[in-house]
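The values are calculated or read from the model by the stated rules, or taken from the named source; none is laboratory data. Not measured: the values here are computed from a predicted model. Reconstructed Cβ throughout: ideal geometry from the backbone, glycine too, with neighbour counts over all protein chains shown. Just the protein is used for accessible areas: all its heavy atoms, side chains included, with ligands, DNA and RNA removed. Shrake-Rupley method; radii C 1.70, N 1.55, O 1.52, S 1.80 Å.
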Amino acid sequence: MKLPDFEQFEPFNELRAQMGANELGSFEPFDPHLQLTSLEVERLSALFIDVPFNRLRSLPDDTLAYKNSRVFVFENKSAREEGIGLSIYDYHLAHCKHLKGETKPKFNHSSLVYVSTQFTQALHSMISQRSEVDSFELRPCWECLHTLRLNGFDGEKHRKRIHSEQVWRTFNITDFTQQFAMYPLPEELWG
């Protein structure tokens, strides 16, 4: 079977002219269940979005994903450091013991979590509005760093405790996003 050259096929050219499509184009399939919409991409890169916990998944490298994007997960909670009055907010980078429910259960399938592809000033301002104190820190989840073994981090071996605490305290999100591309993920890693 020989197909016509569609660039020279007059019925299609007439239809294209009626549609106001002056140039030939290409079609890329889009599935909003597997791919972020343009609005979600915009919000994730500037702010964050609320997502049901059961919509998150773990990638083969144990990082977290929502649709076709790697994400950070932020819990709206704080823990105070003894005697300092400093609120510490955890965020998750990986499918760690906490998210798996191996420690005390934090999430159920319908829990809403904040996800973002970057931490921006907007996230800091959201926390400062909800924080009881003016001084707070955002720190990665200890168990997430252990799951990913970032920069030699080992949260269980006592002999590596000093090194692991240093990695935890100096963790840099920019370094993480250079090592792990956030968006878009390769097609084979989509939902």
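The residues I49, I162, sorted by heavy-atom accessible surface at 1.4 Å with ligands and nucleic acids left out, run I162, I49 from largest to smallest. Shown for segment 20-68: the carbon plus sulfur share of the solvent-accessible area, taken with all protein chains present and a 1.4 angstrom probe, equals 54%. A straight Cα-to-Cα reach below 12 Å connects K100 with the aspartates and glutamates D62, E143, residues fewer than 8 places away in its own chain not being considered. Of the trypsin sites (Lys or Arg not before Pro) found in segment 153-191, those in coil by DSSP whose Cβ has at most 12 other Cβ atoms within 10 Å are K157.
Ligands, DNA and RNA excluded, the heavy atoms of E187 present near 130 Å² of accessible surface to a 1.4 Å solvent probe.
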